[in-house]
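The values are calculated or read from the model by the stated rules, or taken from the named source; none is laboratory data. Source: prediction; values computed, not measured. Positions of Cβ are generated from backbone atoms using ideal geometry, with glycine treated the same way; all protein chains shown enter the neighbour counts.
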Amino acid sequence: MTDQRDPHAIATLLAADRRHAWHPYASALNPPPVYPVASAHGVRLRLGDGRELLDGMSSWWAAIHGYNHPVLNRAVSAQLGRMSHVMFGGLTNEPAVELCALLAAITPGELERVFLCDSGSVAVEVAIKMALQYWQAQGQAGRNRLLTLAGGYHGDTFMAMSVCDPVTGMHHLFRDVLPRQLFAPRPGCGFGKPARAADIAAFEALLTQHGDAIAAVILEPIVQGAGGMHFYSADYLRRVRALCDAHGVLLIADEIATGFGRTGKLFACEHAGIAPDILCLGKALTGGYLSLAATLTSERVAGIVCSGEAGALMHGPTFMGNPLACAVALASTRLLLSLPWQREIARLESALREGLAPAARLPGVREVRVLGAIGVIEMEQAVAMGPITERFLAEGVWVRPFGRLVYTMPPFIMRTDEVARLTHGMIAALEKYLSQPSGEEAQ
Ligand SMILES: *Cc1c(COP(=O)(O)O)cnc(C)c1O
C-alpha cells in the first residue's frame, strides 16, 4: 500500500485481510476490525486514510528508537548489499558474531555464550531445553519441572505456554498436552518495597517440597508483562536468586519485554543486582525491525549441557544468526548505548507519571502505575476492544489494551510534549468510553 489514501484501495485491502489474514488472538469467523498502516516515521503511524497516530505501543515493546530510523535503515541496507541470509550451520557471519560478543558484554553476570533464534517464544524454549539438558548431563533427568510465578507470560509455544499464568494463560484449552509446572503466588510486594515474608515463604516451600524435580525457576524480572503488567519488588527477586542458589536450581530470567532499558536499567535484573544463569532477550533487540531473539548462558552451564549424551545443545533454527536481523540488532543496541538512555527513560518516567496521574480519579480505575517507560492504567473491569480503540483513534493515539489493562510503552525518542499528548489522549478516550462504553462507533 502506498501513502495515497485511495479509499477504494483501502477497501480492497481490508476485504482481502478479512478473507485471508489471521490476526493475533483473533477469530477468523468474525474478524475484529483492523486499521491499515501506510507508513510509520519516528513516533507516528500513518493510517491508509491519512490519519496520523501517536504510537503508545512501540509495536509491542520493540520499536524503542521509533520507526524508519536513519541509522537502523542504513544498517539494513548495507547488510542487504552483502547478504540477507546464509545458514549458521558450519558457516558464520560478522554481524552475528559481533552481536553475540556485544550481548555477552552488556548483560549482567557472566553470560558469555549466546544462542540466536527467531522469536521470544523460541528463546524461552531454548532456555528450558538448556536447563533440561544441564540436568540430564549430570544424571538427573528427573529434574524436569519448572517453577515460575503466577501472573507471568513467556510466549505462545507449548513449553512457554506451560509457564504462563495458569488462569489468564491458555492452560484450560491445552490441559491434556501441557506439562504441569509449579506456580508460586504472584509477589504482592510492589516495586521499591521490601519482599513480603509470605511470598518468600510460599516460594521457598515449593522449592523445598519439589526441589529434586525442579530444573529451573523461570520468571520475568521486576515487570510481568502480558500476564498483567505487574511491577514487583527487587528485594523479592534478590531473595529468589539466593533461594535458587541454596537449592542448586537454575534461574532463567525472561527479559524479552524488559531488556534494553525499558524499566530504567539496561536489564531489569540490575534493579536487584543479580544475574540469572540463563537469560532470554527479544522484542527490542532489533529496535523492532526484524524478528530476532537470543538465549544467553554462562560457560559453566554451556559446558555441562555439552558434556551430556548429545554432546551439544540440541537446537538449530533455519534462520539462526540471520545476518540482516543481526546487523540491525547491532545497530540498534549500539545506538541505544551511545545515547544518554538512562536520562531519557527517567524523563519518560516522569512524563508518564504526570500525564497518567489524572486517570486515578476516573471511576472504574483501580490503579495507575509507572515504571521506567511503562505506564499502566488498571481498570476494575475488562475494556471492550472495539469501542475503546475507536475512542483512542479519535484522540489520535495508538494504544492497544488487553483485559483490564490500558497501558503504554512509548518509543524512547518520544518528546515530553508528545507524551503529554499521548497520555491526555488516553485519558480523554477512557473518560468518553466510561461515560458511554458502547458508543455509536461500537462494532
Ligand atoms: C513477548 C514475550 C515473549 C514471546 O515473544 P514472541 O517474540 O512473541 O514469541 C516471551 N516472554 C516475554 C516476557 C514476552 O514479553
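A few remarks follow.
Condition check ((1) modelled with pLDDT under 95; (2) surrounded by 12 or more Cβ atoms within 10 Å (Cβ to Cβ)) across all residues:
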| position | (1), (2) |
| --- | --- |
| His8 | yes, no |
| Ala15 | no, no |
| Arg18 | no, yes |
| Asp49 | yes, yes |
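- Verdict on Gly282 being within 15 Å of the ligand (Cβ to nearest atom) and either farther than 30 Å from Glu98 by Cα or not assigned by TED's automatic domain parsing to the domain that holds Arg180 (or both): no
- Scanning region 285-305 for residues that are within 14 Å of the ligand (Cβ to nearest atom) and either in contact with a Ser or Thr (Cβ under 9 Å, 6 or more places away or on another chain) or not polar (S, T, N, Q) (or both) returns Leu285, Thr286, Gly288, Tyr289, Leu290, Ser291, Leu292, Ala293, Ala294.
- Restricted to region 336-415, the set of strands (runs of 3 or more DSSP E) holding at least 2 residues that are in contact with a Pro (Cβ under 9 Å, 6 or more places away or on another chain) comprises 374-379.
- Residues in region 262-321 that are surrounded by fewer than 24 Cβ atoms within 10 Å (Cβ to Cβ), in contact with a Phe, Trp or Tyr (Cβ under 6 Å, 6 or more places away or on another chain) and assigned to a loop (DSSP other than H, G, I, E, B): Met320 alone.
- Which numbered condition Glu344 fails, given (1) buried (at least 20 other Cβ atoms within 10 Å of the Cβ); (2) of a type outside the set (Phe, Trp, Tyr); (3) in contact (Cβ under 8 Å) with a residue 24 or more places away in the chain: (1)
- When residues of region 121-173 are limited to those that are in a loop (DSSP other than H, G, I, E, B) and charged (D, E, K, R), the one nearest to Val249 (Cα to Cα): Arg143
- Considering the conditions (1) assigned to a loop (DSSP other than H, G, I, E, B); (2) without any contact (Cβ under 8 Å) to a residue 40 or more places away in the chain; (3) under 24 Å from Ile374 (Cα atoms), Ile64 is excluded by exactly one of them, (2).
- Condition broken by Tyr232, with the remaining ones in (1) over 23 Å from Thr107 (Cα atoms); (2) within 24 Å of the chain's Cα centre (by Cα); (3) of a type in the set (Ser, Thr, Tyr) satisfied: (1)
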